[in-house]
Structures are given as structure tokens and as C-alpha cells.
Amino acid sequence: MKLNIYGSTGIIGKTTLSIIKNQFPKYKINLLCAKNNFKLLAKQSNEFNVKYVYLDNEKKYKQLKSLLSKDVKILKKTDLKEYLNNSRTDLSILSVSGYQSLKYLELILINSNNIGIVSKEAIVSAGHILNKISKKHKTKIFPLDSEHFSIYQNFNSINLKNKNFKKIYLTASGGPFINRKFNSLKNVSFKEAANHPKWKMGYKNSIDSATLVNKCLELIEAHYLFNIPLKKLDILIHPESLVHSIIEGNDYISKMIYFHNDMRIPIINFLQNNFKPLPIIKEFNFINEFKLNFSKVHKENYPIYDYFKSIDKTNPCNLIKLNVGNEYAVDLFKQKKIKYIEIFQLIKEITSINLDSDVNNIDKIIQYHENLNQYIKSNYI
């Protein structure tokens, strides 16, 4: 079984390699790709006897080469494209942040029989054509984000394919300000906003959790991945973060999908396609842990959700603007150029920019991103 990992030096990549080392030693790692961390990429490549590596920073090629064993081949950009076009891999994991991953998305789909994907930017920006491309190349998409993974596990139940259900809820932890009104957060610091109460993750995901932007983007992902009408998707605040989605059937029976918030669970499922209890995952203590609370999203706490529901989501450009606007707003907040509550206002302004385009293929989506970025840099930074 051959596996390619795009983003091997990130959290998902490192977790995947750890699982393979301990649970799937017969898997062959064929290709590892990273952005800048050449030292870790070299270490991973040597440890797993990888055949190919790709570093998205040509200035560090010599340093990378000096650390690699002689049997490892470094692919440059043209080499990578040729490799992806002329080979076929059993499994691929795409865990690359930023819209730059779009440059290789179709090639990865061409190359892979099965792809485990955790890349919001790729799905939000190209989701309207993603399933069309995957069907063309006979590639099966397996979502690794916990919410979409939980839906995927039950996709054949309650006639999801036939849309024979009332609603699907994605759950949100509520972030660090779960019990505070949005208008009271004017003077919160970057450190406070990035301090997630449940788990440690990157500052961007933590702040998106605080504002609830992450769940708005995940609704878009669910809509695209499973062809679910957005009117049948909603959010519930669930501070325990044990239930990841709830499928409400038309027969008055609902199904809650719960598991520990542990990325190893979806990765293991992807690698073997049939989850079996493994010793690396702790079991539930139903008596002590299974205490669940749910509440609606109140606009006084999370005004972004009401705004998200109001925009025209049939236009892919609006969804791209929402995502890009959030990236810029969070970055400005990190730099202390805006206050926390101004993140929402800037997202609204950028999403309302009158800059639409034809985005019916990957190249046009990338060009739209670049035009939008240039416009924002000229007018907002």
C-alpha cells in the first residue's frame, strides 16, 4: 500500500507518520511534501525510506539535499507535476493550509485512488467543482475534519444520499468566550482569543473557533462534500466537544455521532477504511464523560453566523471572499492593528467587495484569489 502525504511536517502529517510507524509498518511512504521545514522533512524521509520529497522553497534545496540519504530524490515543481500526472497512488493525505494547495489539487486527485483531505481553503474555494473533478478521475474523497468525518461515517444511513432527513447539525465548542456577549469583547487580547478552552491548536483555528467563523466554513465544506442543501445544515453550541454532528431524521429519530476529539481516529479510519479499537485511542468513560449540553447560536454572542446566513452562498466568489477576508482580519488582529470585535466588521467589508469572476476551474479560482488579495492589500492594509 503506497501513501503520499502533502503537508508531512504539520500536525496531521506528523500524526499520520506516527500512526504508520506504530500500526501500519507495511505501508510504503512514497512521497512527502512540505513548505519550509527542510530539517524535519529530511528526518522523516530518512526514517521511512521515502522515495521522493518535495519542498515548496527552492532556496533551501541544497540544505535539504545535504541531510537526505542518497536514495531519496528531490522533486522540483515541474518534476512534481510530471510525477503526479504519470503515476497512481493508493492513498494520499492533503493537509496543506492556504489557497496555494489549489495549484496541485487536481493533480493530486489525478494521482490518488483515495484522498484524505483536511484543507478548508481547498474545499471552500473549489468545492463547487471538487466532486466533478474527483468523479472524473475516479478518486474517492475521505474527509478528515472531525465534523465531516462523522457525517461520512453515517452517509448511507437515514438515506442521506436521497436527502431524506430533516437537518444535520455541526457542533461548535463555543471557544474561550462562550458565555460572553460579543460587544463586551472590545479589549480582549490576542492571547485570550487564541486560548481555546478544550485543546491546543494553531492560533488561526483557535481564533476562528472564538468568532465561530470556523463553523461557517465547515458548513460550506459539508455542503460541497456531501451535496447537502445549506438550508438543511445548522450549528449547535456544544461545550463538551464529544458529539461532532447530529443527523435529525424525518422519522423523529436522530443520530448523534460522538468520539474523542482526537485526529488519530479519522486518520486510522482512512488508512484502514474500517475502524477497529486500537490501544492508542482511549475508551470512553460513559459515566464520567458523557454529560452533554447543547444550545442555539445566539447572535449577541456570535454575530458572524447571522451575517453568514444572509449572504448569497450560491455564488462561490462570496464564499471565497468570506474565507480570505477572515484570514486578513485575523492576521491584522494578531499584529494588533485591529481589535477583536473589528474582525467581524472587516469580514463583512471584504465579503461585500464588488469583485466577482468566473471561477469554474482551478486556474480561474487561483487567479481570483490573487486578484482579491491584491485588491485587499491596496485598500485595507
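Where does the charge balance sit around SER18 when Lys and Arg score +1, Asp and Glu -1, over other residues with C-beta under 12 Å from its C-beta? In short, +2. Peptides 238-245, 305-312 ranked from most to least packed by the mean count of surrounding Cβ atoms within 10 Å: 238-245, 305-312. A simple charge model with +1 on the Cβ of Lys and Arg, -1 on the Cβ of Asp and Glu and nothing else charged puts the dipole of the chain at about 860 debye relative to its Cα centre. If R0 is 51 Å, the Cβ-Cβ spacing of PHE286 and ASP79 corresponds to a FRET efficiency of close to 0.50. Of all aspartates and glutamates in the structure, the ones whose alpha carbon falls short of 18 Å from that of LYS77, not counting any fewer than 8 places away in one chain, are ASP56, GLU58, GLU106, ASP363.
Candidates ILE253, LEU271, LEU219 compared by Cα position along the dipole of region 207-332: farthest toward the positive end lies ILE253, with charges placed on Cβ. Normalised by the number of residues in region 145-265, the average gap of Cα pairs under 8 Å and 6 or more apart makes the relative contact order 39 percent. Phi angles across region 127-135 convert, under the Karplus curve 6.51 cos²θ - 1.76 cosθ + 1.60 with θ = phi - 60°, into 3J(HN,Hα) values of x, 5, 10, 4, 5, 5, 5, 5, 5 Hz, Gly and Pro given as x. Counting Lys and Arg as +1 and Asp and Glu as -1, what is the net charge of the other residues whose Cβ lies under 10 Å from the Cβ of GLU147? With Lys, Arg at +1 and Asp, Glu at -1, the neighbours total -2. Heavy-atom surface analysis with a 1.4 Å probe gives region 1-150 a carbon and sulfur content of 49 percent of its accessible area. The translational diffusion coefficient of region 339-381, from Stokes-Einstein at 25 °C and 0.890 mPa s with a Kirkwood hydrodynamic radius over alpha carbon pairs, comes to 214 µm²/s.
In this structure the amide hydrogen of LYS166, modeled in the peptide plane, comes within under 5 Å of the amide hydrogens of GLU248, GLY249, ASN250, none closer than 5 places in sequence on its chain. Shown in residue order for region 40-57 are the 3J(HN,Hα) couplings computed by the Karplus curve 6.51 cos²θ - 1.76 cosθ + 1.60 at θ = phi - 60°: 5, 4, 5, 4, 5, 4, 5, 5, 9, 6, 6, 7, 10, 9, 9, 10, 7, 8 Hz (x for Gly and Pro). Between LYS166 and LYS140, the modelled labels are 3.2 nm apart [label points 7 Å from Cα along Cα→Cβ]. The value of relative contact order for the chain, using C-alpha pairs under 8 Å at least six residues apart, is 15 percent.
Among the listed pairs LYS132/LYS255; LYS28/LYS136; LYS166/LYS215; LYS191/LYS348; LYS43/LYS200; LYS60/LYS348, those whose Cα-Cα separation exceeds 31 Å are LYS60/LYS348.
Residue by residue, region 18-32 carries 3J(HN,Hα) couplings of 5, 5, 4, 4, 8, 10, 10, x, 7, 5, 9, 7, 8, 9, 10 Hz when phi is fed to the Karplus relation 6.51 cos²θ - 1.76 cosθ + 1.60 (θ = phi - 60°); x denotes Gly or Pro.
In the context of the full set of protein chains, residues of the chain present 48 Å² of accessible surface per residue (probe radius 1.4 Å, heavy atoms only). Of all DSSP beta bridges confined to the chain, the antiparallel ones make up roughly 25%.
Only Cα pairs under 8 Å and 6+ residues apart enter the sum, and on that basis the relative contact order of region 1-87 stands at 25 percent. Charge tally around HIS298: other residues with Cβ under 12 Å, Lys/Arg +1 each, Asp/Glu -1 each, net +2.
The values are calculated or read from the model by the stated rules, or taken from the named source; none is laboratory data. Here the structure is a predicted model, which means the values were calculated and not measured. We place every Cβ from the backbone using ideal geometry, glycine too, and count neighbours over all the protein chains shown. Keep in mind that these areas ignore ligands, DNA and RNA; they rest on the heavy atoms of the full protein, side chains included. Shrake-Rupley method; radii C 1.70, N 1.55, O 1.52, S 1.80 Å.
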